[in-house]
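Accompanying notes for the structure given below.
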Amino acid sequence: HGIPAILGGLVAGLAALGQEADYLLQDSPGKQLGYQVVAMLVTMGIAIAGGLVVGLLVRVINPMGTEPMQAEQLFDDGPW
């Protein structure tokens, strides 16, 4: 989901550079590109922060009640 969103945000911003000012919501195509990039960065920041918070919560709460796996166990596909 991340890479298509980044590419879509950049392509939409770059497409705004080819539009007339009266077609856009902003005064100039460069300003529209700037808003696209800022919105994309804010969205990525929210997604990264949310992932970090949930990762820390899962690590602290440990809903399964199991011991953390050792490095050797992480790569053992035998049980599966």
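Can you report the number of residues in the stretch 22-62 which are open to solvent by less than 100 Å² (accessible area, probe 1.4 Å) and either assigned to a loop (DSSP other than H, G, I, E, B) or under 29 Å from Ala12 (Cβ atoms) (or both)?
25
Going by the structure shown, is Gly65 under 27 Å from the mean Cα position of the chain (by Cα) and either under 19 Å from Gly8 (Cβ atoms) or surrounded by fewer than 11 Cβ atoms within 10 Å (Cβ to Cβ) (or both)?
Judged against the criteria, Gly65 is not a match.
Check off (1) in a loop (DSSP other than H, G, I, E, B); (2) touching a residue at least 40 places away in the same chain (Cβ under 8 Å); (3) among the aliphatic types (A, V, I, L, M) for Met69 and give me the number that stays unchecked.
Only one criterion in (1) in a loop (DSSP other than H, G, I, E, B); (2) touching a residue at least 40 places away in the same chain (Cβ under 8 Å); (3) among the aliphatic types (A, V, I, L, M) is unmet by Met69, namely (2).
Pick out the one residue from Ala15, Ala5 that is more than 10 Å from the chain's Cα centre (by Cα), of a type in the set (Gly, Ala, Ser) and open to solvent by less than 70 Å² (accessible area, probe 1.4 Å).
Just one listed residue meets the conditions, Ala15.
The values are calculated or read from the model by the stated rules, or taken from the named source; none is laboratory data. Source: prediction; values computed, not measured. Using ideal geometry, Cβ is built from the backbone for each residue, glycine included, and neighbour counts are taken over all protein chains shown. These accessible areas exclude ligands, DNA and RNA; they are computed on the full protein's heavy atoms, side chains included. Shrake-Rupley method; radii C 1.70, N 1.55, O 1.52, S 1.80 Å.
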